[in-house]
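Written out below as structure tokens is the structure these notes cover.
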Amino acid sequence: MKRVPFFNYAHVYQQYRDELLPVLTSVMERGAFILQQEIDEFENAVKEFVGAKHCVGVANGTDSLYLALLAVNVAPGDEVIMASHTYIATAAAAHFAGAKPVLVECLPDRTVDPEAVEAAITSRTRVIMPTQLNGRTAKMDALQDIADRHGLVIIEDAAQALGSKFKGQCAGTFGSAGSISLYPAKVLGCFGDGGLLFTDDDEMYERLYEMRDHGRNSDGQVVRWGINSRLDNIQAAVLLVKLKHYPEEIDRRRQIARLYQERLCEIEDMTLPPGPDEEGPHFDIYQNYEVEAGRRDELRGFLDEHGVGTIIQWNGTPVHQFKGLSLPAYHLPKTDRFFERCFLLPMNTSLADDDVHYVCDCIVKFYRG
């Protein structure tokens, strides 16, 4: 029996160990820990990669959403519309900015449903916050049209989608600002927490630049209230190394997705995400490979017995189902049904083809009895 863990965290380091060690040593020997040259180099390199005008490195993806909301002057009583199929951080950022998260349904491809967004708009709606889920970008043309017609701001939660595209444009570059997470399990992950904000708006950039460092401007003067949310220099140095290899990282994930698609597409009980060769306007990077199965719990148990790690995203709980948050009662039957069936198969570049085939062999064996 093989063992295929859901995610191999040691691989994050081992993959580029020989390149990382001298870079880390250089940072530490120079004592260059906070807001040093590697930050500037990384911000410049990654904004060029996605085609954004500005980039600000921050401490984590949650802070990036929170800061973006503050930067567009979200105020108490404002509403922020988002899919319930998202990480709790999306809703928490709105909550701590003083706004009310308004939760809506997602489409079969797991991205937010534009029709559900428009139906949820009220006189208090201020922001649409689409989650670019599993490495797939939402239908941003439809969402931008809605935002334009209703005078709303778009802030992207593109935590899982660095390099994902819709109609040739990268996730994180739509709307007023886009947020990226650099958590170790992300496609571009560091050795701890980290986040990014992209924007093409000069004034927005200045606000974000200042707010991430106690409200200090480029001259070191405090010009507004801010917080301590700086991407540390060691993480920036790590990310510079990994960014050089990022296109091949994406290519490998798409190869793995193609193998899953080829091997599992005829299993009637399973619903797969869109494959890499059927995306139309979408270019997916496959942060996750989220499937549905009617016999999900039995199948996951069988895979576990055979050494294959799987998880249910968000611990199996969309945001509207968290009882401890005192949210209004939501009727989201599509999302509820989805979370009775969904789970994630292993998807990362520590996987060899043999590992992917073993996972598929186990699934086929389960259904053949």
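See the values below:
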item	result
Any hit, region 334-354, residues being free of Cβ contacts under 8 Å to residues at least 24 places away in the same chain, open to solvent by less than 60 Å² (accessible area, probe 1.4 Å), assigned to a helix (DSSP H, G or I) and over 28 Å from TYR9 (Cβ atoms)	yes
Number of positions in region 319-333 that are out of contact with any strand residue (DSSP E or B) (no Cβ under 8 Å at 6 or more places or on another chain) and open to solvent by less than 40 Å² (accessible area, probe 1.4 Å)	0
Test for VAL359: is it of a type in the set (Val, Ile, Thr) and more than 24 Å from the chain's Cα centre (by Cα)	yes
When residues of region 222-241 are limited to those that are in contact with a helix residue (DSSP H, G or I) (Cβ under 8 Å, 6 or more places away or on another chain) and in a helix (DSSP H, G or I), the one farthest from HIS11 (Cα to Cα)	ASN233
Residue in region 201-221 that is open to solvent by 70 Å² or more (accessible area, probe 1.4 Å), of a type outside the set (A, V, I, L, M), part of a strand (DSSP E or B) and closer than 20 Å to ALA71 by Cβ present	yes
Matching residues, region 9-22, being modelled with pLDDT of 95 or more and crowded, with 17+ Cβ neighbours inside 10 Å	LEU20
Extreme residue, modelled with the lowest pLDDT, among residues of region 278-297 that are open to solvent by 10 Å² or more (accessible area, probe 1.4 Å), in a loop (DSSP other than H, G, I, E, B) and closer than 15 Å to LEU133 by Cα	GLU279
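Rundown of residues vs (1) of a type outside the set (Val, Ile, Thr); (2) touching a Pro at 6+ places or on another chain (Cβ under 9 Å); (3) buried (at least 24 other Cβ atoms within 10 Å of the Cβ); (4) modelled with pLDDT under 95, yes/no style:
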position	(1), (2), (3), (4)
SER26	yes, no, no, no
LEU35	yes, no, no, yes
ILE39	no, no, no, no
SER64	yes, no, yes, no
LEU70	yes, no, no, no
ASN73	yes, no, no, no
THR86	no, yes, yes, no
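The values are calculated or read from the model by the stated rules, or taken from the named source; none is laboratory data. These numbers were taken from a predicted model, which means no experiment stands behind them. Here Cβ is always computed from backbone atoms with ideal geometry, including for glycine, and neighbour counts include all displayed protein chains. Each accessible area value is taken on the protein alone, full model and side chains, heavy atoms only, with ligands, DNA and RNA left out. Shrake-Rupley method; radii C 1.70, N 1.55, O 1.52, S 1.80 Å.
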